[in-house]
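Quick notes on the structure that follows.
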Amino acid sequence: MESMEKIKIGIFVLFVVIISFSLMFMYIEGWTLLQAIYFSVATISTVGYGDFYPTSELGQLLTILFIVFGVSTGLYTLGAFAESFIGGYFKRYNRRIKMKKRIEMLENHYIVCGYGRIGRVVIDRLRESGLDYVAIDNNSEILEAEFEKDPNFNYIVGDATHDEYLIDAQIDRAKALISTVSTDSDNVYITLSSKRLNPKLYVVSKADEQVAMDKLLIAGADKVVSPYMIGGLRVAELAMKPGILDFVSTFMSIAKYEYDEDLEIRKILIGKNSKIRGKTLTESQIRYNSRVTIIGIKKENDLLVNPGPEIILEYNDQIYAFGTGEQLDVLESMV
């Protein structure tokens, strides 16, 4: 039985016991209702002022029964309160210990600095993809509220511009850092700090102002995203070319919600030891083995859209492929 249920039952039984015995004391001792309730509460709380006490033998016998039932019920209710508050505290404490151990064991994870509107969307996406992450924010209330809803939520309370919190997030073993804090200056500082602590770390940062985008790239960010610019472009494209974007969005939504197909576009980098390196698209048999659609290949500064079968795949080429998550995973294993 849950602690709150025990408390509710205890309070109800305690109320019934007090009222029932008070009415009996009124009848046997000739007290008023207030005097009877006063005596019952003083007795059940073990205070016992002595200004009111039963004089008849029946009243004294009733008092003995009242002490047995009343004090037992009171102790039961008090114990339920203690279990609720003390037990809840230790439960939360143990969950935090487990979370701290999880964070200490993380590898190839994502560090999200800032748990505001954008940070929440980022973490929701990482969670849906089954990827490990840790959030850093100095607002303990929103982090703890999320932790109450999801015991597997990993977070650190602190200012991400301070190195010690990035170190606590195991930045030396992280795969990427995403900085979504509120000010551009803090995003620049976090980018500089993270690149100094882990030069190989992939950093994606948010920028509100256009001038901050260049500064973030100079600071070492691999990618800079401006939510306002992306939002503005999206609105403009919807206004100018509603049919195209609506078709793509509708197509992917139908695949997701009606056929349970998780369609996406993914960028895949060809490594040094790739099995398809040096082969043409036809020779690589990408389409045959993975069933994905190659929509583009980026070679240094050139982007080949809808590449032909004779295109040779080389080291550091970036393949843009369209397909289901499972199909794209097969392609990544080939590459």
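Overview of values
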read-out	value
GluC sites (Glu not before Pro) within the stretch 1-67, DSSP loop, no more than 14 other Cβ atoms inside 10 Å	E2
The stretch 42-79-the stretch 180-205 distance, computed between alpha-carbon centres (Å)	67 Å
For the stretch 106-231: rounded, prolate or oblate by the Cα gyration tensor [a/c cutoff 1.5]	prolate
Acute angle (nearest 10 degrees) that the helix 184-197 long axis makes with the longest principal axis of the chain, alpha-carbon atoms	80 degrees
Crossing angle, helix 117-128 versus the chain [Cα axis fit, 0-90 degrees, rounded to tens]	80 degrees
Helical mean residue ellipticity (222 nm; -39500 (n - 2.57) per DSSP H run of 4+; nearest 500) of the chain	-18000 deg cm²/dmol
Unsatisfied cross-links (Cα-Cα over 31 Å) in the set K100/K206; K98/K215; K149/K215; K200/K279	K98/K215; K149/K215
T55 paired with E164, simple spin-label distance in nm, labels 7 Å along Cα-to-beta-carbon	7.2 nm
Estimated FRET transfer efficiency (S72, D124; beta-carbon r; R0 41 Å; 0.05)	0.25
Highest-fluctuation residue, I28, I167, I142 considered, GNM on the chain with Cα pairs under 10 Å	I28
With Cα atoms, 0 to 90° folded angle of helix 140-149 axis to the chain main axis	80 degrees
Least to most buried among T43, T282 (fewest other Cβ within 10 Å first)	T282, T43
Residue order, fewest to most surrounding Cβ atoms within 10 angstrom, among H109, H162	H162, H109
Antiparallel DSSP beta bridges within the chain, as percent of all bridges there, nearest 5	50 percent
Fluctuation leader among V157, V305, V121 - the chain, Gaussian network, Cα springs under 10 angstrom	V305
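Read-outs throughout are calculated quantities, based only on the coordinates presented, and are distinct from any laboratory measurement. It should be emphasised that the depicted structure is a prediction, and the values quoted were computed from it without experimental measurement. Note: ideal-geometry Cβ built from the backbone for every residue, glycine included; neighbour counts use all protein chains shown.
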